[in-house]
Amino acid sequence: MKVLVAVKRVIDYNVKPRVKMDGSGVDLTNVKMSMNPFDEIAVEEAIRLKEKGVATEIVVVSIGPAKAQETLRTALAMGADRAILVSTDEEVEPLGVAKILAKIAGEESPELIILGKQAIDDDNNATGQMLAALLGWPQGTFASKVEPSSGEVSVTREVDGGLETDKLKLPAVITTDLRLNEPRYASLPNIMKAKSKPLATKTPDEIGVDIGRRLEVLKVTEPAKRQAGDKVGSVDDLIGKLKTLGVVA
Amino acid sequence: MKTLVYVEHEGGQIKDATLAAVTAASKLGEVHALVAGSNVGAVAEAATKIAGIGKVHVADGAHLDHGLAENVAPVAAKLMEGHDAFVAPATTTGKNIAPRVAALLDVMQISEILSVEDENTFTRPIYAGNAIATVRSNDAKKVLTVRGTAFEKAAREGGSGSVEQVDAGSDAGNSSFVGIDASESERPELTSAKIIVSGGRAFGSSEQFHALLDPLADKLGAGVGASRAAVDAGYAPNDYQVGQTGKIVAPEVYIAIGISGAIQHLAGMKDSKVIVAINKDEEAPIFQVADIGLVGDLFKIVPELTEKL
């Protein structure tokens, strides 16, 4: 089966985001950018399906600036077969991303689309579900285990009460959670090889999707800061403090 | 404005997170509710009593059990013809369903709202809560998920809503619920616990995690949480994870033990009223947000604390 994977270029997981002084957003100048960690898990899962002989081809898609090519090359170096960049300097909302991916799914006819459950920049947790709705496909969100068999896929999902298992008919959309797998690092030879893998570039216009924003960001501010309190020297002092605060009797 | 709150329920009980969603919805206007599932008469009845709810729409059908998004979302989208905002708790159930409803309505969801500024304007956390965005929606209809810690819970008693049966739609036939491996616990649920004791990788093993934390939690009547590292290492199940992409909690007291305090973890607990940190590394970032810190060996401190409390 063909697998489509969507990846997003975001602020690196280890960078502490700083809000711009003018309140217009988070400062991303000279900040390390990487593949969204949940999307890395999505790429890894697709590769494992290919290694098991389940997936035949992995197409990786990113919607973003020209630099998102680097993110796609990373996915190709990990083991994806070819890439599509939908190039735009606009910040595309999950609804717009889902519409673009739905169009690409129409052209590519994958049986499985795997995405990260959320991007660590806008924290929306919406694209996969929206894509599934637009395609009329079932969705396996927050997946920690994905087991395809003939015509269907069993998905174990990390839910508030534990682990839920659903069965979905293919084609289906999966969004990844942290415990699905541990993504591999691309080896140097594979990074070199990835440079010659096909990468097509399109624009949202060419695809025929209006990416106009529905949400206007009026301002971005820093949250109220917590002040560090006191350190105590012993368990007795700790209990004393808790008593003063009325936490324990 | 007429709102439609998705009522999350399990075993005939309405989940607390729904009550926070009702409060958020009431800031927008009239509050209606959607109860979906089979044999949900008692749940609908309970929903009519929640303060602020005017009407409860009941969609009854076995295909709506377990909150299967493929079947619930079309029912909600249909009901939205007569409502202006769909409001769901930002739980795994709400997060699964709401974006699907939004796409069916062709609107952009506003995720995990922290406040309602006016009927078009909301605040929400981005970048793991390191920034708060104020956003204005230009969509005619709104789809919102509500962060449970940001709104008071509506009272379960005092309302006098009416019940209306609605079209339950049909089974999309492309998904089915197989089962749930529920983590059994007598302890309070993390998102509603007054006290949480939370452990990190420093515990070293699942055995030590439980041998040390469980008695402390029992003594305090606390819920037990964990850092991502502890869950990844298999010390605790996934639903213990507190953080940006796990559970967002704001208890009266959060006791972080052997947790260094990565920004992703802080994102899930920094709105707790009192934060206590126990860590052997005095430079650990967790101390920067802790009200009370104790530097030392958790293997000595935790048993002593449990004994002396």
Per residue, what volume in Å³ does the Cα convex hull of the range B:1-42 take up?
-> 58 Å³
Whole-percent pair-distance distribution, where bins are 20 Å wide, for the alpha carbons of chain B | 33, 52, 15, 0
Of the DSSP beta bridges with both residues in chain A, give the percent that are antiparallel, rounding to the nearest 5.
-> 40 percent
Give the share of C-alpha pairs in each 5 angstrom bin for chain A, from 0 to the last occupied bin, in whole percents, shortest bins first.
-> 1, 6, 12, 16, 17, 14, 10, 7, 5, 4, 3, 3, 1, 0
So the compactness index of the range B:150-196, its C-alpha Rg divided by 2.2 N^0.38 Å, takes the value 1.89
Sorted from fewest to most neighbouring beta carbons within 10 Å, what does the list B:D171, A:D166 look like?
-> B:D171, A:D166
Using the structure shown, list the pairs from A:K219/B:K280; B:K49/B:K270; A:K32/A:K197; A:K32/B:K153; A:K197/B:K142; A:K169/B:K78 with a Cα-Cα distance above 31 Å, or answer none.
-> A:K219/B:K280; B:K49/B:K270; A:K32/B:K153; A:K197/B:K142
Would you kindly derive the ³J(HN,Hα) couplings of the range B:281-292 from the backbone phi angles with the Karplus curve 6.51 cos²θ - 1.76 cosθ + 1.60 (θ = phi - 60°), listing them in order in whole Hz, with x for Gly and Pro?
-> 9, 5, 8, 4, x, 4, 5, 6, 10, 7, 7, 10
Beyond 31 Å, the calculated P(r) of the protein assembly as shown holds a percent of Cα-Cα pairs equal to 48 percent
Which percent, to the nearest 5, of DSSP beta bridges fully inside the protein assembly as shown are antiparallel?
-> 35 percent
Run the numbers on chain A and let me know its relative contact order in percent, using alpha-carbon pairs under 8 Å that are six or more apart.
-> 23 percent
Using the charge dipole of chain A (Lys, Arg: +1 at Cβ; Asp, Glu: -1 at Cβ; taken about the Cα centre), state which of A:A228, A:A143, A:T176 has its Cα farthest towards the positive end.
-> A:A228
In the range B:221-309, the trypsin sites (Lys or Arg not before Pro) that fall in loop regions by DSSP, at most 15 other Cβ within 10 Å | B:K273, B:K280
Can you give the convex hull volume of the alpha carbon atoms of the range A:141-238 per residue, in Å³?
-> 335 Å³
Quick calc: nm separation of the 7 Å Cα→Cβ label points for B:K300 and B:A155 -> 5.1 nm
Which aspartates and glutamates does B:K27 reach when only Cα atoms under 17 Å apart count, and residues fewer than 8 places away in its own chain are ignored?
-> B:D84, B:E112, B:E117, B:D118, B:E119, B:E152
Over 22 Å between alpha carbons, listed pairs A:K117/B:K2; A:K241/B:K194; A:K243/B:K219 = A:K117/B:K2
For B:L34, list long-range residues whose amide hydrogen, built 1.01 Å from N in the peptide plane, is under 5 Å from its own amide hydrogen.
-> B:V5, B:Y6, B:V7, B:H57
Ignore the peptide's own chain and count Cβ atoms of other chains within 10 Å of each Cβ in B:163-176; give me the average, rounded.
-> 3
Unsatisfied cross-links (Cα-Cα over 30 Å) in the set A:K50/A:K99; A:K50/B:K141; A:K99/B:K273 | A:K50/B:K141; A:K99/B:K273
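No lab work stands behind these numbers, since they all come straight from the coordinates. None of these values were measured; they are calculated from a predicted model. Heads up, the Cβs are rebuilt from the backbone with ideal geometry, glycines too, and the neighbour counts pull from every protein chain shown.
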